[in-house]
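Enquirer: Below you will find the structure I want to go over with you.
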């Protein structure tokens, strides 16, 4: 498992930058990249006026980014004259790409996203990963990663980093899965199992889903709570445009907030946790259904067809979500709550009771609850885009590796 | 009420600094101030090696800070030769001071803290402020502020800013008290009532208490939940060494987390909120006592003397706190929970049930719960120190006003 995916490149994005001339140059390179990424194509003069530096200073920065292949000149009048004033700049559609991967209970997925945010290659494989050891799962995942990287390289891209979304708690080292109950993993160092050669970030799927919402959803606020579910219920807290990780990296465990404190025992050691009322298995049990492969599809299909028992089970799950979210909204004061993942698919039947419970308990000041347009695609896209963001945040580190 | 407390000085700390030579100089001035504040007295050479700038660059920065009265030379060998290499530097014990003020339900308090963190002047007045309009309360407070400022000025200090702690929700403008139920205030702009002339920050008392804990307590972690109580129960969330404010500035409303969702109605519109079980009035009611002036002292005294009914009431309040904190710990993943304010005084009788409830519900991974050594002094000290921190964070802005 140690054959490099790609030749090793020194350095990596995201390191702290010292407050020196060199640090200032790196931060200003990042500001140019972010400006062109957000508002491009732009001329050098437009970039200079947006970031408040002189035209000359911006030209030097732009030339460096063009040489490294992170920006490209669009102006076709003088294609041979790189750096010519007046020609429009855009982030490169070749050059570095972010590789995102997702380990789900029922599937593995990988994609490559370029600096423009376009998905350039993608692969999905349905595999029953429940209670399957990490080594064979990662072996399957690595095969998908190699295929996606090869396809991206065929289009002139090169992988700037790999981010892997997992349904579990990840340590702050961003490598170790501390606990993923539905996979059966515990204290599993994915860094040791994945091939060398790419900067690696392992993260919780709800966290990557929230980042996708933050970066890709139209009009997303900078402070929100993103709730998602696969088999468990997870949440991610976005504060001022960034993820709140918590001291150990475990923030957002909404599934284990007590709802009825004398309720049924939970695997976490508590009683009456939200998962006991709104987790997939609890809802299937309340609806009298067997847990199979497409659990969400089964519930949504029955609810759609008007099955009263299923609808009642989802109504009660919405009530429990509303109680747990009342506590979360009081503690976190988010601008909004977003339901993603499986919860997005079940939203039509969860939302009425969820919203009324939350409104009743927060005296009409209820926090708005919406449904993610990304649905179950969020975590994979969030993972790939987190690598792309790393490139925009410190292009100098990536340019050195290009 | 509009007579200036002090002549108006332009500028103010805490503004965003642009990434230019000028911005870099301002940030480096801040690094020098923080380094000398944390580890001084230090020579110029020692400062240079700690912050990784050249000796010459540091000398220029230090000279500017000495000229502005923010740093002083201690080296007595050549007292006439300011800037002489080798002489030790310390933050000034004259110059700017932070003025902290606290509006409590039963008292008003004000203090002045110098850049070295010493309280140089203090005044307290016991006043029943419950359901008293803001204008007369602020009039009394202003008299105390004037007395404290006058005393500080007599010692060669000048007020760099005023921070006011209130028991209520404060808008993100840091001026408007949106809701302070025990004072009876609603949408009250304290900036309009307080005298002009000093940069003003109004904040929630639990938030200032948490900042005091962060800055003043030995070995405080950078991620913790600070729970305090006066009549209500409030909490403050410290994340990576900073306060989490929430979208509207209302984060930390632990008192309205549902504990038993079918429990008694709460003034917030909910049912079974933590305040219904662990707020001062609920505990007094459960103990069969009348709410008087020194409510905490009454409860602590009776519990101390072994009153079984009071001890049972505090035990049950601890259980409710344990349930609400289970949710908070799952959502926020703090390094620890700190009980401050009135809860610190009652901790001996709250902690056993609180800790066992939290441990039972978090499968032995319980978050440590400790008691603040600052007790009820936290919010006032936190307010004054927040002004001092503002000076350390942007000394250039304050130097311009000196």
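The values are calculated or read from the model by the stated rules, or taken from the named source; none is laboratory data. Everything numeric in this text was worked out from a predicted model, so none of it was measured. When we count neighbours, we look across all protein chains shown, and the Cβ atoms used for this are built from the backbone with ideal geometry, even at glycine.
Enquirer: Do we find that residue A:268 is modelled with pLDDT under 95 and in the same structural domain as residue A:342 (by TED's automatic domain parsing) in this structure?
Expert: Taking the combined requirement at face value, the residue satisfies it.
Enquirer: Quick one: count up the residues across the range B:35-65 that are touching a residue at least 40 places away in the same chain (Cβ under 8 Å), buried (at least 17 other Cβ atoms within 10 Å of the Cβ) and part of a helix (DSSP H, G or I).
Expert: 6
Enquirer: Answer yes or no: is there a residue in the range A:317-325 that is surrounded by fewer than 24 Cβ atoms within 10 Å (Cβ to Cβ), within 13 Å of another protein chain (Cβ to nearest Cβ) and without any contact (Cβ under 8 Å) to a residue 12 or more places away in the chain.
Expert: no
Enquirer: Still on this model: With the requirement that a residue be surrounded by 20 or more Cβ atoms within 10 Å (Cβ to Cβ) and at the interface with chain A (Cβ under 10 Å from one of its Cβ atoms), what does the range B:211-245 give you?
Expert: B:223, B:224, B:225, B:235, B:237, B:239, B:244, B:245
Enquirer: Can you name the condition, by its number, that residue B:248 falls short on among (1) closer than 21 Å to residue A:324 by Cβ; (2) more than 10 Å from chain A (Cβ to nearest Cβ); (3) touching a residue at least 24 places away in the same chain (Cβ under 8 Å)?
Expert: Only one criterion in (1) closer than 21 Å to residue A:324 by Cβ; (2) more than 10 Å from chain A (Cβ to nearest Cβ); (3) touching a residue at least 24 places away in the same chain (Cβ under 8 Å) is unmet by residue B:248, namely (2).
Enquirer: Among residues belonging to the range B:332-351 that are assigned to a helix (DSSP H, G or I) and in contact with a strand residue (DSSP E or B) (Cβ under 7 Å, 6 or more places away or on another chain), point out the one that is surrounded by the fewest Cβ atoms within 10 Å (Cβ to Cβ).
Expert: Here the residue is B:351.
Enquirer: Working carefully through the options A:288, A:306, A:297, find the one that is out of contact with any helix residue (DSSP H, G or I) (no Cβ under 9 Å at 6 or more places or on another chain), surrounded by fewer than 18 Cβ atoms within 10 Å (Cβ to Cβ) and either more than 7 Å from every other protein chain (Cβ to nearest Cβ) or modelled with pLDDT of 95 or more (or both).
Expert: Exactly one residue qualifies, and that residue is A:306.
Enquirer: Since residue B:354 meets every condition but one in (1) outside any loop (DSSP other than H, G, I, E, B); (2) crowded, with 23+ Cβ neighbours inside 10 Å; (3) out of contact with any helix residue (DSSP H, G or I) (no Cβ under 6 Å at 6 or more places or on another chain); (4) not assigned by TED's automatic domain parsing to the domain that holds residue B:114, which condition does it not meet?
Expert: (3) is the only condition that residue B:354 fails.
Enquirer: So, one more: Restricting to the range A:357-402, give me the number of residues that are buried (at least 24 other Cβ atoms within 10 Å of the Cβ) and part of a loop (DSSP other than H, G, I, E, B).
Expert: Matching residues across the range A:357-402 total 1.
Enquirer: Okay, next question. When you scan the range B:189-207, do you find a residue that is more than 27 Å from residue B:117 (Cβ to Cβ) and in contact with a strand residue (DSSP E or B) (Cβ under 7 Å, 6 or more places away or on another chain), even just one?
Expert: Within the range B:189-207, one or more residues are more than 27 Å from residue B:117 (Cβ to Cβ) and in contact with a strand residue (DSSP E or B) (Cβ under 7 Å, 6 or more places away or on another chain).
Enquirer: Report the residue count in the range B:100-118 for those that are touching a residue at least 24 places away in the same chain (Cβ under 8 Å) and over 15 Å from residue B:161 (Cα atoms).
Expert: 8
Enquirer: Could you identify the single residue in A:138, A:202, A:149 that is at pLDDT 95 or above, buried (at least 16 other Cβ atoms within 10 Å of the Cβ) and closer than 30 Å to residue A:336 by Cβ?
Expert: Result: A:202 is the single residue among A:138, A:202, A:149 that is at pLDDT 95 or above, buried (at least 16 other Cβ atoms within 10 Å of the Cβ) and closer than 30 Å to residue A:336 by Cβ.
Enquirer: Collect the residues in the range A:157-175 that are in contact with a strand residue (DSSP E or B) (Cβ under 8 Å, 6 or more places away or on another chain) and either within 21 Å of residue A:398 (Cα to Cα) or surrounded by fewer than 19 Cβ atoms within 10 Å (Cβ to Cβ) (or both), keeping them in residue-number order.
Expert: Correct list: A:157, A:158, A:159, A:160, A:161, A:162, A:163, A:164, A:171, A:174, A:175.
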